[in-house]
Each structure stands twice: as C-alpha cells, then as structure tokens.
Ligand SMILES: Nc1ncnc2c1ncn2[C@@H]1O[C@H](COP(=O)(O)OP(=O)(O)OP(=O)(O)O)[C@@H](O)[C@H]1O
Ligand SMILES: [Mg+2]
C-alpha cells in the first residue's frame, strides 16, 4: 500500500464520499438518527439548567412550585432523552449495518465474476479478511462523520457563547486552540497508518488460519502442529503489537488534548483570577465562565474520538475499494453470440499461453482440431500443460497468442454463460457443495430437474446404489458439513452432475489419485456412460480411455509432439512409449 502524503486530505475526502454513497439508500434511517441526535444533544444542557433551577429556586428560595417543576422536568427530560437516544443509536447503527452489507455484497458479487487469473494469484484468506474485517470498519464512517460535524458545531456555538460572556477571558481560553490542531493532525495520520498495519495484520492471521485449517491433514501427517502453532503465534502477536500501538496513540492523543485544555483553563484562571483580585470581576462570573469552558471541553474530546473512528473507517474503505478498483479486476466478459446451434468442431489455432509471472509458456504454439463425436485423449508427462489446455476451452484463461474457435467462431464472440453451458468440465479434483446429494447432482441446472431425471443421471454414473444407502438417500447432506464420501463416490457424483447437464462437449481431466481396483472399475464404467455419444477431450490417465480414443495427442513442455492412434504412437513416439510403460507397466 502506498503512502499518500501530497494529496492525503483529498484522498480521504474521496474515500469518504465514496463510503457515504453506500449510506444513501438508507436516508430515512439516517434522518431519524440525526433527529434523535438533535433532540438528545440539548437535553444535556437542559439538565444542567434544571440543576441551576433546583439550586437557586428550590434549595435557596424554598419554592414549592419550582420543586414540582424540577421534579417533573427531570423525569420528563430523562424520558425524552432515553427515547430519542434509542432512536438515534438504533437508526444510525442499523443504517451502518445495511450500508456495509451492501459493500460486502458488492465485493462478493464482483469477486464471483472475476476471471480465474485473479484467483490464481490471490490468497483466499486475504479475500475473506477483506470481506469480513475491512468492510466492517466502513460501518462507522457516516455515524462518526455526523458526530464529528455535530461536535464541531457545538464547539463553535459554545465558543461564541464564552465570547459573549466575557470576550477578554474567552480570548485567553481559546488562545491555545490552534495548538491543539497540531497533535490532532499528527495523531490522525499516525492512527491511519496504524489502522492500515492492523488490517494487514488481521489479513495475515486470516491467511494463516485458512491455510492451517484446510491443510490440517498435511500438518498432522508431517507432525508439524507445533511449528504451525508457532507460526500462528508470531502473526497473532504481531497483531496484538499493532493493536497496542493503536491504543497507545489513541490514549496519547486524548491526554495531550487534555493537557492543552488545562493550559487554556490555567490561562483563564490566571488572567481572570488577577482581575478578581483587582476587583474588576466577580468570583461568580469567573466560576460561571470556567464552567462554560469545561462544557466546551467535552465536545472537543468527542471530536477527537470521532476522528479516530473515522480514520479506522477510512482505512477499511481504502482496503475495500482497493480490491474493487484493481486494474486487472475487470469482470470476465464474453461476446454477444448465443451458442444455440449443435456443436460441430473445436479448433485450437497456434495458441500460446503463459500464466502471469512465469517465464516459460505453459502452452506454446499449439494447434488441434476436435470434430463433433470424436474422443480425443491427451497424454503427457506431469507439467506438460494438459490441465492448462483444458482450462483454455471454457475461457478460464485466455491465450496471449493464437485463437480457439468453436463452430468457426472465436471463443471471445460467445456469451460466456451459453458457452460454458455447452461444455461439461469434470476436473481433476472433485468438489461438492454443502447441499444434498440431489442438489449437488443438479448443481448449475438451467431448469428444474425431476427426481427421476436426477436418479437416471445417478444410475448412469453408477451412483444410485450407494446414494440409496446414505442415511437420507438423495436428501443426505454432503460436502463440508455433511456426510463424507469416498474419493470414488465423490467422482461418481460429479460424473452424474455432468451427465445431467448433458453438454455436447465434455472436458474431462481424469483424476490422478489412484482408486482401488473395484472403485476404479466402477468409475470407468460411469465415465464410459458419460462420454457416450458426446465429443470429448479427455486428459487421460486410464488405459481404457486411451484405448477407446479416436486420437491420442501426446504433449510435452506445452507442445504437441505427436498424435495418432494408440498402435501407431506406440510404434513411433518415444515419449508415448515411455509414458505407456511407466503408467501401465507393460513394455511394448
Ligand atoms: N495456476 C497456475 N499458475 C501458474 N503456473 C501454473 C499454474 N498451473 C500450472 N502451472 C504451470 O504450468 C505448467 C503446466 O501445468 P499443467 O497443470 O497444465 O500440467 P499437467 O500436464 O496438467 O500436469 P499433471 O499431469 O500433473 O496434472 C506447469 O509448468 C505448471 O507449473
Ligand atoms: Mg493436470
């Protein structure tokens, strides 16, 4: 994050304006919050006035009527204050909650539409921290700004009042006010810096937390619990450290303001006192003036406090908008063309693709033609670019050179949604949502599927039987918080998902993790059903897939080194021979 000094104020102003925009839909709540505030504020002064009445008229003059008035007045005033204080706090705070909810929603929605390349080099924990922690800070932006404005007006009003009481005395009282400006600005800056540090620190903790919890198996497997705990301790301590500094700065700021305030009181006391001694001021007048000065002092303290909240809010806003505004954060955008004709062919034409910040392209000058009805198997050593190639087809990434066409039209021309609906991706790693089995199979449905259709898909994927044995059958919750399934079972569910989606073009990245022979055989049968009468591009690790393919493409270092049927490749392609021997252990 860059330090902004030159246009710091302007930058804050822009951040503020933008944050306030999110409060606009909740004008009514804010209106009532402000009304509450406007009624509550003078209540304090009115109470003070009642106290004066009680002392002068009731205690000194022994006026019975005044006693009744004061009694009723105190009760009435407290009730009024209570009611409107409730209105003020309730409406102001709920407006804040709704506003940050909108910020959070907008951030999440934007993130959902970002291209895969964004997720490729962004930490999940960091994103979660921005969505949860940083957005939360924005909540106080408007309320503290309103507080700030209110207190500034109070200070101005009271200043006029003390000048009206005795301008000579008042002059000494406000003489030190400009002095207060310096610590006010300095501490604002420091607090802002610390708030930034704190948010970075929270984010670091979140990243670590996310990593540790999702990698718990590896951690336990390598018995590194102590080391990971230690790592966490360091980060957590770092956060406490910054938080301590925040507390220190906040307190220092308040206390320095107090000390400056005491200078004002001292000056007035000294000047006023000497006037009392010389007889040109009554002691009562001096006392009343000092009281007014003390009254002035409260709102100044609150200005300081609101300012700190505001600095925190601006820091949060800064970090949230930073994500929203990242230059490369353009939502993925497809063309206008709707893919509504039958699939005829897919052509990859001289495509080169590199991931960001990698020196070597993952795919280099690659060309390949896939016609409708064909089964193309892609084989190659690990890291040769097979999965990368598969990711280019639904435009998870766009190639830097060359182009990919479907039915003769470049992928970019197609509406993304309609393009992706035509492609069924079964990825190397299975993913199930926290939902029922039926919902998981019907995930991404364009229409409502009947139970029968879902069951048919499950049957074709050889999943029906094990699903029936689950506690609630198709209504059993699976995923993170549900019933845990075996690797093969999960794979069959994702195959059922693809069967139900019924895409004309299937992109299959066969899982490399080995299943035992029995589940392997069942998954194979399920895949066979899936690929039947469909065009498929299969990154093949199974012998059966390779043997039934129309054409086998051999890749190495992002290039196609050879392609042809199994027997021909086995006879002429060295890399293929090596792969074949290694994977299936049967030397030719
Ligand atoms: N998300 C990524 N970001 C940056 N580089 C990547 C990414 N994914 C893969 N790579 C790099 O691109 C190259 C091709 O990787 P790819 O995953 O396509 O290989 P693969 O052929 O699918 O391997 P495997 O058989 O092990 O799955 C590798 O050198 C890899 O390091
Ligand atoms: Mg792969």
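Where a number appears in this text, it was derived from the coordinates with a stated rule and is not lab data. A quick note: this is a predicted structure, and the numbers were derived from the prediction, not measured. For neighbour counting, all protein chains shown are included, and Cβ atoms are generated from backbone atoms with ideal geometry for every residue, glycine included.
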Once you keep just the Cα pairs under 8 angstrom separated by 6 or more residues, what percentage relative contact order results for the chain? 14 percent
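For the range 36-92, what is one quarter of the convex hull surface built on the Cα atoms, given in nm²?
If you wrap the Cα atoms of the range 36-92 in a convex hull and average its projections, you get 3.4 nm².
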With a Förster distance of 60 angstrom and the Cβ-Cβ distance between residue 567 and residue 9, calculated FRET efficiency to the nearest 0.05 equals 0.20
Nearest 10 degrees is fine. How inclined is helix 487-501 to the longest principal axis of the chain, computing both from alpha carbons? 90 degrees
Yeah, the range 83-139 with a ≥ b ≥ c from its alpha-carbon gyration tensor (a/c under 1.5 is rounded, else prolate when a/b outruns b/c, oblate otherwise) is prolate
Label the range 1-151 by shape, choosing from rounded, prolate and oblate, from the square roots a ≥ b ≥ c of the eigenvalues of the Cα gyration tensor; if a/c is under 1.5 it is rounded, and otherwise prolate applies when a/b is larger than b/c, oblate when it is not. prolate
Roughly how far apart, in whole Å, are the Cα centres of the range 107-186 and the range 190-251? 26 Å
0 to 90° range, to nearest 10: angle between helix 8-21 axis and the chain longest Cα axis: 70 degrees
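When you count, for each residue, the other Cβ atoms within 10 Å and take the mean per peptide, how do 129-142, 434-447, 210-223 rank with the highest first? Don't jump to the answer; show the numbers that get you there.
Numbers: 129-142: 22.5, 434-447: 17.4, 210-223: 12.4.
With the highest mean Cβ count within 10 Å placed first, the list reads 129-142, 434-447, 210-223.
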Residue-averaged 222 nm ellipticity for the chain, from DSSP H runs of 4+ at -39500 (n - 2.57), nearest 500: -21000 deg cm²/dmol
Of the convex hull enclosing the alpha-carbon atoms of the range 370-527, the direction-averaged projected area in nm² is 10.5 nm²
Take the eigenvalues of the Cα gyration tensor for the range 8-325, scale each by 5, and report the square roots as semi-axes in whole Å, largest first. 49, 24, 18
Say R0 is 45 Å: what FRET efficiency, to the nearest 0.05, do residue 543 and residue 86 get from their beta-carbon distance? 0.05
Antiparallel bridge percentage (DSSP; both residues within the chain; nearest 5): 50 percent
Compute the distribution of all C-alpha to C-alpha distances in the range 299-339, in bins of 5 Å from 0, and list the percent of pairs in each, rounded to whole numbers. 6, 17, 13, 12, 10, 10, 8, 7, 6, 4, 3, 2, 1
Is the C-alpha gyration tensor of the range 364-404 telling us rounded, prolate or oblate? Criteria: a/c under 1.5 is rounded; beyond that, a/b larger than b/c is prolate, otherwise oblate. oblate
Inter-centroid distance (Cα atoms) of the range 393-413 relative to the range 270-342, Å: 51 Å
Pairs of alpha carbons in the range 407-473 whose separation is greater than 19 Å (percent): 46 percent
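Please report, in cubic angstrom per residue, the volume enclosed by the convex hull of the alpha-carbon atoms of the chain. Display every interim value, and only then the final one.
Numbers: hull volume 131.8 nm³, N = 588.
Cα-based convex hull of the chain, divided per residue, equals 224 Å³.
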Roughly speaking, what is the centre-to-centre gap between the range 346-371 and the range 544-569 when only Cα atoms are used, to the nearest Å? 17 Å
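Quick one: length gained pulling residue 43 to residue 227 fully straight, 0.36 nm per residue minus the C-alpha distance?
60.5 nm
Any idea what diffusion coefficient the range 489-540 gets from Stokes-Einstein, in µm²/s, Kirkwood Rh on alpha carbon pairs, 10 °C, 1.306 mPa s?
On the way: Rh = 11.3 Å.
Translational diffusion coefficient: 141 µm²/s.
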Angle between the Cα long axis of helix 177-214 and the longest principal axis of the chain, 0 to 90 degrees, nearest 10? 30 degrees
